[in-house]
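Have a look at the structure below, then the notes.
The values are calculated or read from the model by the stated rules, or taken from the named source; none is laboratory data. No experiment lies behind these values; they were computed from the predicted model shown. Don't worry about glycine lacking a Cβ; one is built from the backbone with ideal geometry, like all the others, and counts go over all protein chains shown.
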Amino acid sequence: MTKIVINICYGGFGLSKAAWERYVELGGQAEWDGDMDRTDPILVKVVEELGEDANGMCADLVIDDLPAGTKYRIEEYDGLESIETEDDIKWSVA
């Protein structure tokens, strides 16, 4: 299984100051990257360790699991995120 961190409330993905400090302490990048790898093992560890204290302003971070090798994308609307897999898409054929 692959663990993926997403934000499940309106507002947007973000880490608290304590979570960011712990992330850097564990060896994560020292500068914010808006396209942060949500499967980053250090990020996952921080969210697991800190729980709700990992949430940045207007964030509610959770960890979802997907089987390794699953194609997915993170869908976002006003900061609220969900995971969409290729099985979730109804394909049309031309």
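Condition test on Asp87, is it surrounded by fewer than 16 Cβ atoms within 10 Å (Cβ to Cβ), in contact (Cβ under 8 Å) with a residue 24 or more places away in the chain and in a helix (DSSP H, G or I)?
no
Just a yes or no: is a residue in the range 48-59 in contact with a Gly (Cβ under 8 Å, 6 or more places away or on another chain), exposed (fewer than 15 other Cβ atoms within 10 Å of the Cβ) and either β-branched (Val, Ile, Thr) or closer than 18 Å to Cys9 by Cα (or both)?
Taking the range 48-59 first, the residues in contact with a Gly (Cβ under 8 Å, 6 or more places away or on another chain) are 55-59.
After this cut, where a residue has to be exposed (fewer than 15 other Cβ atoms within 10 Å of the Cβ) as well, the list is 57-58.
With the extra rule that they be either β-branched (Val, Ile, Thr) or closer than 18 Å to Cys9 by Cα (or both), the set shrinks to 57-58.
Yes, some residue in the range 48-59 is in contact with a Gly (Cβ under 8 Å, 6 or more places away or on another chain), exposed (fewer than 15 other Cβ atoms within 10 Å of the Cβ) and either β-branched (Val, Ile, Thr) or closer than 18 Å to Cys9 by Cα (or both).
Can you name every residue in the range 2-24 that is at negative phi, touching a residue at least 60 places away in the same chain (Cβ under 8 Å) and in a loop (DSSP other than H, G, I, E, B)?
Within the range 2-24, Ile8, Cys9, Tyr10, Phe13 meet the criteria.
Check Gly34, Gly14 and return the single one that is modelled with pLDDT under 95, closer than 22 Å to Glu76 by Cα and in contact with a Gly (Cβ under 6 Å, 6 or more places away or on another chain).
Just one listed residue meets the conditions, Gly14.
Got at least one residue in the range 49-72 being within 12 Å of the chain's Cα centre (by Cα), part of a helix (DSSP H, G or I) and modelled with pLDDT of 95 or more?
Within the range 49-72, one or more residues are within 12 Å of the chain's Cα centre (by Cα), part of a helix (DSSP H, G or I) and modelled with pLDDT of 95 or more.
Checking the structure you have, find out if any residue of the range 25-33 is without any contact (Cβ under 8 Å) to a residue 12 or more places away in the chain and of a type in the set (A, V, I, L, M).
Yes.
For the range 1-35, what are the residues that are surrounded by 17 or more Cβ atoms within 10 Å (Cβ to Cβ) and more than 23 Å from Lys71 (Cα to Cα)?
Gly14, Leu15, Ser16, Ala19, Trp20, Arg22, Tyr23, Gly28
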